Structures are given as C-alpha cells and as structure tokens.
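Visitor: Have a look at the structure that comes next, please.
The values are calculated or read from the model by the stated rules, or taken from the named source; none is laboratory data. Everything numeric in this text was worked out from a predicted model, so none of it was measured. Here Cβ is always computed from backbone atoms with ideal geometry, including for glycine, and neighbour counts include all displayed protein chains.
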Amino acid sequence: MSSSVSSHGARGAGITVLGQLVSMGLQLVGAIVLARLLNPDAYGLIAMVTVLMGLGALIRDFGMGTASLQERDLSNSQASNLFWVSAALSVGSALLLGLAAPIVAAMFGDDRLTGLVPVMAVVLLLTGLQTQHQMRLARQMRFTAMVVASVTSILVGILVGIAGALLGLGYWALAMQQGATALWMVVALLVLTRWIPSLPVRGAGSRKHVHAGAEYGLANMLGYAADNADTLMIGIRFDAIALGNYNRAFQLFMQPITGVFGPLIRVVVPTVNRATASGGDPHRMLLRVQSSLVGLATWALLVTAAVADWLIPLLLGDQWNALVPLLQILALGGVFKALSQINYWAYVISKQSRQLFYSNLVTKPIQISLVVIAAFFGVEWVAWAYVAGRAISWPINLVWLARTAGQPPTAALINGLRILVAAVVAYAVTRILLGLMPAMTDFSMTLSGVLMASVLFFAAFLASPGGAKETKRILTLANAFRST
C-alpha cells in the first residue's frame, strides 16, 4: 500500500471524524433545546413522514452516488449523466410523496400529515440534488470542503428550527429545520465544487454505472425496509407519543453511527481504491478501520446506555424518561449496525453490488419478520427484534463476503466480537458500580458513569486475546494522520 495514499486517507478520515464530532455536538445541543421547546407528539409526527421520506430517498438516489464512488476513473460526461439520472429520480420521488399525502394521513390516522407531507417532499428534492456534487468532492479527496458544507448546513438548520419553535410553530419547526439544512447544503456544494453538469449524452459508458447503481438501490431499499419496519409498525400499532419516544431513542443510538460512518464512506472507498491500485491489501485496511471506527462508535453507545437513567432527564427533561429502556436496548443494535457498515464498504470496494443485493434479499426479510411479530407484544419487544435481526445479519454477511469477495471472515469476526464483549462487560460492571453508589445529582452520576464505562471498556479490550496488538495497529493508523 502506498504510504502517501494511506496517510492522505488517514488525514481525510481524521478531518471527517472531527467534522462529524462537531456536527454531532451541534445536533446534540439542537436536540436538547428543541426537546425542551417541543413535545414527543411533534417528533412522532415528523417520524411518520421521515419513514416515507427515507423510502423516497432510496428511489431518488437508487445507488447512483455509490456507483460513481466505487469507480476509480469517472469522466465528466459519465458524472453528468449520473447527475441527471439522480435529478429525474428526485423529481419523480418528490412528486409521488407529495401526491400520497392523503393516503399517508389516512394510514397514520392524523390529518396534520396532509399539509406536512408535501412540504417534506420539497426537502426530499433538495437533498437529491446534492449527491453527485458530494461524490465529486469525495473522489477529489477534498475532505475539508465536505466537512465545511456539512457543519454549516447543520448549524443553519438548527438555528432555523429553534426560531420556529420559539415562535410556537410546533412540528413545523422541525420541518423548517430540515428544509433549511437541505437548501444550505445545495448552495454550499455548488460554491465549493464549482461544477455544473453538462447535458446528458449517449455513448459515455454510463450504462454499467446505472446498472450497478440499480443493484445498490435495490439492496438499499431492502436495508431501509428492514431498518424502518420498527418505526412503521409502532406508528400503526401505537400512537404518536410512543413513536416519538422510540424515534428519539433510535436517533440517539443512531447518531454516533450515521454521524461518523455515513460521511466516511466518501473517505474510505476512494482511499482504499487508490491504495489497492498501489498494491495494498484492501481487507487488511478494512480490518484496521473496523477496529478504530467500530470501537469509537461502540464506546459512544456504551457510555450513553450506561448512564441513560441520569443522562436523559439531565439533557431532555423528565418527560422523556420512557425512552431510557429503549435506548439501552437499541444501543446493542447500534454495535451490530456499525459492524454491518464495514461489510457494506467491503461490498462497494470489491464492486459486488449484485452480491450485496442477494445477501440483503436473504437477511433483511428475517429482520422485518421479527419486527412485525414483536409489534404485537409491545414497543420494547420491537427494539429487541431490531437487535436480533441485526445480530443475525452480521455473521451471514461475513460468510457471504468470504465467498464472493475473498474477504477472510475469521479475522473480522474475532475483531468484532472483541469489541462487543468488551462493551458488554464494561456496561454490566458500570451498572453494578453505579447501583452501589450513594444518590447524587444527575450530572454527578452521569460523569461518574462515563468515566467508569470508558476505563472499563478500554481495559477489557486491551485484556482480550489480541487486544493489545490491535491497539498498536490502531495507534499506527492514528500516527499516519498526525504525520501528514
């Protein structure tokens, strides 16, 4: 592997993670302020629309961004063609969502959705115009520019949302937040890339990219159906308040995952592709990425779950106490979600779009079936079903990648189990120690729990077989960033 490519990739990963930590901090502050200004009903209403927006986003993108990202060489004509395909899909999906507003309102039994859904359809359109510009920055490895666009758009959205909440606009404040974020991102990307797509042309060799994108799109649709079956079933079986609590818990555990892993695909894939072209081993590099990034996400989930009883009332208020057990359950699912992201990157890097679709065709129906059955027993059962579905899918995909992409499954399995076991041990011991402590303020209990869980997690990881050696490899990756 070329040391310069590795160092550039490590630097890009560091910049991206730092930017996402800033973004997550802004989002956390915004979530705290908005949670105190709004009630669970407002979040539940937005969550009902968000489920369908996510489906629309899959139709809108249909894997075109991933298809362009996986290619080492992409001409301007090919990129432009993919942009116009994405634009057409964006318009179509936004129109479908807007026209479906009466059906959505009837499905969830809430007339407020009739006016909200068309507005959110515009947000869907705006986010669809971003994809190819983001991929262009990624392929050029302009990681700082991507971070600037992301952080500033989040900040603008939060400020607009808070303003709307202070004006007493209720759930419309959350819609305004998403709209402002999407609009600012479009403008920022246009300014940073200075790229105007050319008109679509024939004979540019784009057909293979569209086919690959369609396979990624179908695979992502299956993944989205599995990851949102819980929200859909809770919305149908229960009320907006129950869904609002579940949605907040889900977002709190998802934020460390989507916040870090989502943008990093635009760093990891180009970096590994360039390193592979220089003779590097992509599987070895992905293993280091798994250790560092999954370890970081697991630590964040661990400390959040361990101190949830005191952290939630401290940050969000007592009205959100019902989400504490949900957060603790879903945190475990978050670990498997993080591990699955590494598998997804492996499929993209090895250009196994069809195999990704086939594997999702096997694993995702299992997850959906578990969630549908659990919804008849209660909300917490749904959370456990989500965790079980994710836990089953992870090793299946490791075996699938071994057969189709030549990725050694044993090393990835042992590495993932090392992180998982360290987190479970740290959580159990921390909860016991916190239970033995005298009653203190929520802040004191939260701080004590974070320190305990952090020390115990890293100690358990180091003490596990191979943990010390893996830690040295992680530090080597970190040194590559600092040396650039």
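Visitor: Under 7 Å between Cβ atoms, at least 6 apart or on separate chains: pull out the pairs that start in segment 21-37 with a residue that is within 12 Å of Gly161 (Cβ to Cβ) and end on any residue that is modelled with pLDDT under 80 and loosely packed, with under 15 Cβ neighbours inside 10 Å.
Guide: What qualifies is Ala35/Gly317.
Visitor: Which pairs have Cβ atoms under 9 Å, sit 6 or more apart or on different chains, and link a residue in segment 213-229 that is in contact (Cβ under 8 Å) with a residue 24 or more places away in the chain and within 10 Å of Arg354 (Cβ to Cβ) to one that is among the acidic types (Asp, Glu) and buried (at least 22 other Cβ atoms within 10 Å of the Cβ)?
Guide: Qualifying pairs under 9 Å: Tyr216/Asp61.
Visitor: Same structure again: Cβ-Cβ distance below 8 Å, separation of 6 or more or different chains: which pairs start in segment 99-126 with a residue that is basic (Lys, Arg) and end on one that is assigned to a helix (DSSP H, G or I)?
Guide: Arg112/Leu45; Arg112/Ala105; Arg112/Tyr171
Visitor: Please find, within segment 170-215, the residue that is modelled with the lowest pLDDT out of those that are of a type in the set (A, V, I, L, M), surrounded by fewer than 17 Cβ atoms within 10 Å (Cβ to Cβ) and assigned to a loop (DSSP other than H, G, I, E, B).
Guide: Going through the qualifying residues, I end up with Val201.
Visitor: Tell me whether segment 320-337 contains one or more residues that are touching a His at 6+ places or on another chain (Cβ under 9 Å) and assigned to a helix (DSSP H, G or I).
Guide: Here is the first cut: in segment 320-337, the ones touching a His at 6+ places or on another chain (Cβ under 9 Å) are none.
Checking segment 320-337: not a single residue is touching a His at 6+ places or on another chain (Cβ under 9 Å) and assigned to a helix (DSSP H, G or I).
Visitor: What's the number of the only condition in (1) touching an Asp or Glu at 6+ places or on another chain (Cβ under 7 Å); (2) closer than 20 Å to Val22 by Cα that Gln177 fails to meet?
Guide: Exception for Gln177: condition (1).
Visitor: Working carefully through the options Ala422, Ala385, find the one that is out of contact with any Pro (no Cβ under 8 Å at 6 or more places or on another chain), in a helix (DSSP H, G or I) and within 30 Å of Gly44 (Cβ to Cβ).
Guide: Working: Ala422 fails: within 30 Å of Gly44 (Cβ to Cβ).
Residue meeting the stated conditions: Ala385.
Visitor: Taking the conditions exactly as written (touching a helix residue (DSSP H, G or I) at 6+ places or on another chain (Cβ under 6 Å), free of Cβ contacts under 8 Å to residues at least 12 places away in the same chain and not hydroxyl-bearing (Ser, Thr, Tyr)), does Trp394 satisfy them or not? First the steps, then the outcome.
Guide: Details: touching a helix residue (DSSP H, G or I) at 6+ places or on another chain (Cβ under 6 Å): yes; free of Cβ contacts under 8 Å to residues at least 12 places away in the same chain: no; not hydroxyl-bearing (Ser, Thr, Tyr): yes.
When the stated conditions are applied, Trp394 does not pass them.
Visitor: Only one of Ala439, Ala428 is closer than 20 Å to Val324 by Cα, of a type outside the set (D, E, K, R), without any contact (Cβ under 8 Å) to a residue 40 or more places away in the chain and outside any helix (DSSP H, G or I); which?
Guide: Details: Ala428 fails: outside any helix (DSSP H, G or I).
The conditions single out Ala439.
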